[in-house]
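First comes the structure, then the notes that go with it.
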Amino acid sequence: GDHPMARRTCNLLFKNGGRNLPGFMVGRQVTVTLIFFVAARATTLNIKVGEDDNIFGVSDALQEFFNLGFLGAILTTILGSISWQLVASAFPIAFLSNPVVYLMLNFVLLIEATGICAASWFFGTIHKKIAGFQLDEVYVGTAEERAAGGKPDTSMHPGRDFSMGTNVLVAPSDWENAIKNLEPVPETFSQQRERILSNIKSMKEMMADAPEEEKGTFAAGIAAEVKFLQKLNEEEDESSPVTDSEAV
């Protein structure tokens, strides 16, 4: 993307030799934890079960659950954390282009800079040494090596290995074939016919045990599969070359 705010956000996130990215993770976790505690405290109820009136007239067991504070934690997790992660993963450019995201990034980096969780860096270093973690470049190569095909990605299909860089514009000359190799292997006419017949068989078995009001739905599905099978046979006949002996 070329949105100015998205560029500013990314530049800040990967600044200081990439140190701001783990710093953001530290500051973000501190912020989320703080919000969880505040929200849980604000939404925790202190109703004496059996003496006071239960909120919304719920049962005593549910009221005891509300008194634990889990309700606020669950709501905060859904509304304040998971939902925004889903939005960011689905619309990354639009999310990074939001000025509020840039302000929050500065805020969490400021929290991390206070050193309130500086011990996490120390324990992270110990974990790295014990587990033997290495940079991604050791395994997948640098962007230049990947673009030059020095570290090709393997494919589950033999003979369909491909090499991709971090940007299509710097990919090798055969990048079109590399992208094409990512596409699923097309089914043959025999494979498609086998799949359709399997679907018809399955629907007939389910229709036999289905109630009368649902059998019409299965019958319609079977009819659609049969129609698709006929169309498939016609396409196969059109694609098959006709020899002289067949023409006679």
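Just a few scattered comments:
- Those residues of the stretch 65-108 which are under 19 Å from Asn46 (Cβ atoms), open to solvent by 80 Å² or more (accessible area, probe 1.4 Å) and either hydroxyl-bearing (Ser, Thr, Tyr) or more than 24 Å from the chain's Cα centre (by Cα) (or both), in sequence order: Leu68, Phe70
- Meets criteria (under 15 Å from Leu75 (Cβ atoms), open to solvent by 50 Å² or more (accessible area, probe 1.4 Å) and polar (S, T, N, Q)) for Thr43: yes
- Scanning the stretch 1-27 for residues that are touching a residue at least 60 places away in the same chain (Cβ under 8 Å) and open to solvent by 60 Å² or more (accessible area, probe 1.4 Å) returns Gly1, His3, Arg8.
- Flag for Glu64 being of a type in the set (D, E, K, R) and at pLDDT 85 or above: no
- Taking the criterion of being open to solvent by 90 Å² or more (accessible area, probe 1.4 Å), in a loop (DSSP other than H, G, I, E, B) and modelled with pLDDT under 75, the residues of the stretch 121-166 that qualify are Thr154, Met156, Pro158, Asp161, Thr166.
- Residue list for the stretch 50-61, filter: surrounded by fewer than 14 Cβ atoms within 10 Å (Cβ to Cβ) and not charged (D, E, K, R): Gly50, Ile55, Phe56, Gly57, Val58, Ser59, Ala61
- Residue among Ser83, Ser59, Ser97, Ser89 that is among the hydroxyl-bearing types (Ser, Thr, Tyr) and over 30 Å from Cys10 (Cβ atoms): Ser59
- Residues in the stretch 218-240 that are modelled with pLDDT of 85 or more, open to solvent by 60 Å² or more (accessible area, probe 1.4 Å) and among the polar types (S, T, N, Q): Gln230 only.
The values are calculated or read from the model by the stated rules, or taken from the named source; none is laboratory data. Keep in mind that this is a model prediction, so the values were computed, not measured. We place every Cβ from the backbone using ideal geometry, glycine too, and count neighbours over all the protein chains shown. Just the protein is used for accessible areas: all its heavy atoms, side chains included, with ligands, DNA and RNA removed. Shrake-Rupley method; radii C 1.70, N 1.55, O 1.52, S 1.80 Å.
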